[in-house]
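K.L.:
Provided herewith is a single structure, encoded as structure tokens, for subsequent inquiry.
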Amino acid sequence: MPNHVHALLYFLQMPTSLNTIIGNGKRFMAYEIIKRLMAVNDEAMLTQLAEVVKDRERKKGQLHKVFEDSFDAKQCVSTDFIYQKLDYIHHNPISGKWMLAADSLQYEHSSEAFYKDGKSGYSKLLRIEEVM
């Protein structure tokens, strides 16, 4: 999505709090985004991300604000609820105000093709144990 991310996360064992996991993920993604913006010399975007840093955050050394502080988590306790959320994730980019593709299989960032026929745009899907 252009301004947010949807994800279903599963942990065999919760290594730490969900807040810590999401916070660390957002922090490392933000470092990479800033690095890439600097590499292409996108001063306009870097300035925009710098202007939204609050004074208390700036005093702590934060230079850019890439993500909002909050996130919305829903615990998936049933298979039906998981399928409902997965369906929402696959159809959100092609509905309402977004209309990012003609159908969910054509949206370049969709995982629906993987669920339908095992195809993925990634050479390898990582299990959480591989990145922790």
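K.L.:
Quick one: which residue in Val53, Val40, Val5 is of a type outside the set (Lys, Arg) and under 23 Å from Ile89 (Cβ atoms)?
P.N.:
It is Val5.
K.L.:
So, one more: Which numbered condition trips up Ile89, out of (1) in a loop (DSSP other than H, G, I, E, B); (2) of a type in the set (Val, Ile, Thr); (3) closer than 17 Å to Pro2 by Cβ?
P.N.:
Only one criterion is unmet by Ile89, namely (1).
K.L.:
Working only within region 10-33, note down all residues that are touching a residue at least 60 places away in the same chain (Cβ under 8 Å) and exposed (fewer than 12 other Cβ atoms within 10 Å of the Cβ).
P.N.:
Tyr10, Leu12, Pro15, listed by residue number.
K.L.:
Going by the conditions given, is Ala30 in a helix (DSSP H, G or I), of a type in the set (Gly, Ala, Ser), more than 19 Å from the chain's Cα centre (by Cα) and farther than 30 Å from Asp117 by Cα?
P.N.:
no
K.L.:
Among the residues of region 33-52 satisfying the criterion of being over 14 Å from Leu63 (Cα atoms) and part of a helix (DSSP H, G or I), which is nearest to the chain's Cα centre (by Cα)?
P.N.:
Arg36
None of the figures in this text is laboratory data; all of them are computed from the coordinates on show. These numbers were taken from a predicted model, which means no experiment stands behind them. Note that we place each Cβ from the backbone using ideal geometry, even for glycine, and neighbour counts take in every protein chain shown.
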